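Coordinate-derived values only; no laboratory data. All values reported here derive from a predicted model rather than from experimental measurement. Here the Cβ is made from the backbone with ideal geometry for all residues, glycine too, and neighbour counts use every protein chain on show.
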Amino acid sequence: MSHSASAMAPVADDSAVVDIRDLWTVYTSAEAEFVVHKNLNLRIARGEVISLVGGSGTGKTTLLRQILGLETPSRGQLTVLGQPPSHMGQRGAASRVGMLFQHGALFSAFSVLDNIAFPLRELKTLPDDLAYDAALVKLQMVGLEAKHASKMPSDLSGGMVKRVALARALIMDPPLLLLDEPTAGLDPESSDGFCKLLRNLHQELGLTVVMVTHDLDTLFELSTRVAVLAEQRVIVAASPQEVVRYQHPFIQDYFWGERGQRAMQLLQTPSAATSSAAT
Ligand SMILES: Nc1ncnc2c1ncn2[C@@H]1O[C@H](COP(=O)(O)OP(=O)(O)OP(=O)(O)O)[C@@H](O)[C@H]1O
Ligand SMILES: [Mg+2]
């Protein structure tokens, strides 16, 4: 990390995939100002799987939307691969960042294949037949057979919908993947399957992943680091083992409550994120 280099180039240190410095998010209404983030700092290196945790309304989704370029912070610096997301343009953004939205609905009137091919067709990067070929490859990459390509979203299980949405997020091979509650609403078995898929894709594609999750099994299974949002900033970003020992009331409740104790048994075994070749 060279300070002189960053002094010469105003653009952030590009060895970080995501670099957030002193970020503020303030929503202003007629009567009041509402501060969501205040001096928030977070730096995410290539290849990390970082989980964002925090209470409801602490601005996790907002942060992902800012990384994707759908929202602009009120103040501070945010760069993705060395560039502010607003400088990337629609096509640039899609080829750098893929996102699985919290309520990641598919277009209900489009088939599975049309959903996956949608970003390519919309940006007109490829002739349609090649866009559909690429979509078929992605369908198989997320573990679905080609026979599902013509199905409509209403004919899919919850786990399949998540997989199709993931295929769509990855259609332009972005190096950075954002996941907002990827396993919410899935039964334990589908959730487990989706978690394994994410782990394999992370390894095979060398992705950097930023994930918001309330699912502690998923969190301990996948995260190389956990960043905790509280007091309008990231209070700690460290390995799961370190984070659970950090002294803060939110962390105490979140990880050491009954639900947390159960999931933390996973921590007794070496972190899956670092030893996943074993399974
Ligand atoms: N466009 C907006 N205008 C005003 N307030 C907003 C806007 N977008 C988000 N907020 C507020 O910012 C706060 C953070 O919202 P956000 O959706 O990022 O929270 P979250 O951490 O993802 O919560 P959850 O865990 O419930 O999904 C909320 O209080 C929300 O009401
Ligand atoms: Mg949210």
On each of the three principal axes of the Cα atoms of region 93-191, give max minus min coordinate, whole Å, ordered largest first. 39, 29, 22
Could you give each residue of region 23-32 its phi-based ³J(HN,Hα) in whole Hz, using Karplus coefficients 6.51, -1.76, 1.60 with θ = phi - 60°, and x for Gly or Pro? 7, 10, 10, 10, 9, 10, 10, 4, 9, 8
More than 12 Å apart - percent of Cα-Cα pairs taken over region 100-148: 64 percent
If every Lys and Arg gets +1 and every Asp and Glu gets -1 at its Cβ, then about the Cα centre the chain yields a dipole, in debye to the nearest 20, of 300 debye
Which cross-chain or sequence-distant (5 or more) residues have an amide H under 5 Å from the amide H of Leu52, H modelled 1.01 Å from N in plane? Met211, Val212, Thr213, Ala227
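With a cut-off of 8 Å between alpha carbons and a minimum separation of six or more residues, what is the relative contact order of the chain in percent? Can you show the working numbers first?
Numbers: 492 pairs, mean separation 59.8, N = 279.
Relative contact order for the chain comes out at 21 percent.
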So what is the 222 nm mean residue ellipticity for the chain from helices alone, if each DSSP H run of at least 4 adds -39500 (n - 2.57) and you divide by all residues, rounding to the nearest 500 deg cm²/dmol? -12000 deg cm²/dmol
Give Lys147/Lys196; Lys38/Lys196; Lys151/Lys196 a once-over and call out the pairs whose C-alpha atoms are over 31 Å from each other. Lys38/Lys196
Given the options Gln241, Phe194, Leu176, identify the residue whose Cα lies farthest towards the positive end of the charge dipole of the chain (+1 on Cβ of Lys, Arg; -1 on Cβ of Asp, Glu). Leu176
Under the Karplus curve 6.51 cos²θ - 1.76 cosθ + 1.60, θ = phi - 60°, whole-Hz ³J(HN,Hα) for region 150-156, x wherever Gly or Pro sits: 8, 5, 9, x, 5, 8, 9
Out of residues 5 or more away from Gly76 or on other chains, whose amide H comes under 5 Å of its own, with H placed 1.01 Å from N in the peptide plane? Trp24
Distribution output for region 24-163: share of Cα-Cα pairs per 10 Å bin in percent, first bin at 0, values 10, 32, 31, 21, 6, 0
Return, for the Cα atoms of region 3-272, the radius of gyration and Dmax in Å, separated by a comma. 18.9, 56
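Once the convex hull of the alpha carbons of region 151-206 is built, what does its volume come to per residue, in cubic angstrom? Don't skip to the answer; put the middle values down first.
Numbers: hull volume 4.7 nm³, N = 56.
Given the Cα convex hull of region 151-206, per-residue volume reads 83 Å³.
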If you plug each phi of region 37-42 into the Karplus form 6.51 cos²θ - 1.76 cosθ + 1.60 with θ = phi - 60°, what whole-Hz ³J(HN,Hα) values come out, in order, with x for Gly and Pro? 10, 9, 6, 8, 10, 6
Using the per-residue mean of other Cβ atoms lying within 10 Å as a proxy for protection, in what order, highest first, do the peptides 210-222, 151-163 fall? 210-222, 151-163
Where nothing but the Cβ of Lys and Arg (+1) and of Asp and Glu (-1) is charged, how large is the charge dipole of region 120-279 around its Cα centre, in debye to the nearest 20? 160 debye
Scan around Gly98 for amide H atoms under 5 Å from its own, H built in the peptide plane at 1.01 Å from N, and keep only partners 5 or more places away or cross-chain. Leu176, Leu177, Leu178
